[in-house]
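Notes to accompany the following structure.
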Amino acid sequence: MKSDILNHFDTIAEVFNRIWYFSEEYKNFVIRHIHHDLALTSDDTLVDIGGGTGTFTRRLKDESGAIKAYCVEPSRPMCDEAEKLENITALCMDAHTFMSTEIPFSKLLLKEVIHHIDNRERFWQRVYYQLPDRGKLLIITRPQHTAFPLFTSAKAAFARNQPPYELFESQLKACGFDVISAKRSHTFTLPKEHWHEMLRHRFMSDLGIFSDEEIEEGINEIDGIYSEETIDIIDNLIFITATKQNGKPV
Ligand SMILES: C[S@@+](CC[C@H](N)C(=O)[O-])C[C@H]1O[C@@H](n2cnc3c(N)ncnc32)[C@H](O)[C@@H]1O
């Protein structure tokens, strides 16, 4: 993993849960779809790669009754937050290091992290090899062209860092997975001040390249477009489910 990305998450670990707008409604929306797409049951061992502060890992574990749930998170400060949660096991390591441990699992979640993982083809092969038949992985990612109310240069940075999701689909198919994708959208309305705070905290790693002055200029640009006191955040998410089917070759 690129060290600038790692450092970025180190710096926001403490405020991550607060600045990212994890309303109960938003969490319920995402969690509901994860349960469905991964078909989580009490027989599963779940791995949440890039699980951050473990918020989602813990809920998924509690609600599914899964045997075990790992939050795999390379940023030490983020992992420290996850370690405070009961019922989950936090492992401070990146995606490839986790695969080399050969810890068994049946379901794997990659929520908002796949664009940070390098050498993805190698990663898919190892996941395919280690999953049991009918085991699944779920990627939650975003299209390259974001509908978030970002300033122009932030949108461009986002697009540069976000590979087209079709690439993940084709790599997974080439590996032998059955792949199903769904586009799902969630809109939430925030007081503009809250959105500004999220931008100032550089809640997305794509914002890490901008200086304080550039962020303030960006906020002014956004204010020129959105004149209301509140702002609609349209989160377009792509859910890609890949299943290892019995008898298919690696
Ligand atoms: C946007 S956050 C998402 C956190 C969590 N999945 C969520 O949705 O709340 C991305 C996380 O991926 C982690 N990450 C970055 N590169 C990684 C890698 N190569 N392997 C595993 N995790 C990584 C970061 O440290 C960060 O915590």
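Between a first residue in region 119-130 that is among the basic types (Lys, Arg) and a second residue that is part of a helix (DSSP H, G or I), which pairs have beta carbons less than 7 Å apart while being 6 or more apart in sequence or on different chains?
Partner pairs satisfying both residue conditions: ARG120/GLN171; ARG126/MET99.
Can you find a residue that is in a helix (DSSP H, G or I) and either buried (at least 17 other Cβ atoms within 10 Å of the Cβ) or among the basic types (Lys, Arg) (or both) anywhere in region 229-249?
Within region 229-249, the first condition is being in a helix (DSSP H, G or I), and the residues that meet it are none.
No, every residue in region 229-249 fails to be in a helix (DSSP H, G or I) and either buried (at least 17 other Cβ atoms within 10 Å of the Cβ) or among the basic types (Lys, Arg) (or both).
Can you pull out every residue in region 57-82 that is hydrophobic (A, V, I, L, M, F, W, C), open to solvent by less than 60 Å² (accessible area, probe 1.4 Å) and either away from the ligand (no atom under 12 Å from the Cβ) or assigned to a loop (DSSP other than H, G, I, E, B) (or both)?
First, the residues of region 57-82 that are hydrophobic (A, V, I, L, M, F, W, C): 60, 66-67, 69, 71-72, 78-79, 82.
Filter again for open to solvent by less than 60 Å² (accessible area, probe 1.4 Å), leaving 60, 66, 69, 71-72, 78-79, 82.
Passing the criteria: ALA66, ALA69.
Find the helices (runs of 4 or more DSSP H) located wholly in region 112-216 whose residues include 3 or more that are over 26 Å from GLU24 (Cβ atoms), and list them.
120-130, 152-161, 165-175
Does PRO143 fit the bill of being of a type outside the set (S, T, N, Q) and either within 20 Å of SER181 (Cα to Cα) or open to solvent by 60 Å² or more (accessible area, probe 1.4 Å) (or both)? Walk me through how you get there before you give the answer.
On the way: of a type outside the set (S, T, N, Q): yes; either within 20 Å of SER181 (Cα to Cα) or open to solvent by 60 Å² or more (accessible area, probe 1.4 Å) (or both): yes.
It is true that PRO143 is of a type outside the set (S, T, N, Q) and either within 20 Å of SER181 (Cα to Cα) or open to solvent by 60 Å² or more (accessible area, probe 1.4 Å) (or both).
Which condition breaks for LYS183 when tested against (1) within 16 Å of the ligand (Cβ to nearest atom); (2) open to solvent by 20 Å² or more (accessible area, probe 1.4 Å); (3) touching a strand residue (DSSP E or B) at 6+ places or on another chain (Cβ under 6 Å)?
Failing condition for LYS183: (1).
Can you name every residue in region 42-52 that is farther than 19 Å from HIS115 by Cβ and part of a loop (DSSP other than H, G, I, E, B)?
Initial filter on region 42-52 (farther than 19 Å from HIS115 by Cβ): 42-46.
If the condition is that a residue be farther than 19 Å from HIS115 by Cβ and part of a loop (DSSP other than H, G, I, E, B), then SER42, ASP43, ASP44 are the ones that fit.
If you scan region 20-47, which residues turn out to be closer than 23 Å to GLN245 by Cβ and within 11 Å of the ligand (Cβ to nearest atom)?
From region 20-47, those closer than 23 Å to GLN245 by Cβ are 33-47; that's our starting set.
Once the filter is applied, which keeps residues that are closer than 23 Å to GLN245 by Cβ and within 11 Å of the ligand (Cβ to nearest atom), region 20-47 yields ILE34, VAL47.
Can you pull out every residue in region 42-56 that is under 10 Å from TYR70 (Cβ atoms) and surrounded by fewer than 22 Cβ atoms within 10 Å (Cβ to Cβ)?
Residue satisfying the conditions is THR45 alone.
The values are calculated or read from the model by the stated rules, or taken from the named source; none is laboratory data. Treat the numbers as computed from the prediction; the structure is a model and nothing was measured. Please note: Cβ atoms are built from the backbone with ideal geometry, for glycine as well, and neighbour counts cover all protein chains shown. To get the accessible areas, we keep the full protein, side chains included, count just its heavy atoms, and leave off ligands, DNA and RNA. Shrake-Rupley method; radii C 1.70, N 1.55, O 1.52, S 1.80 Å.
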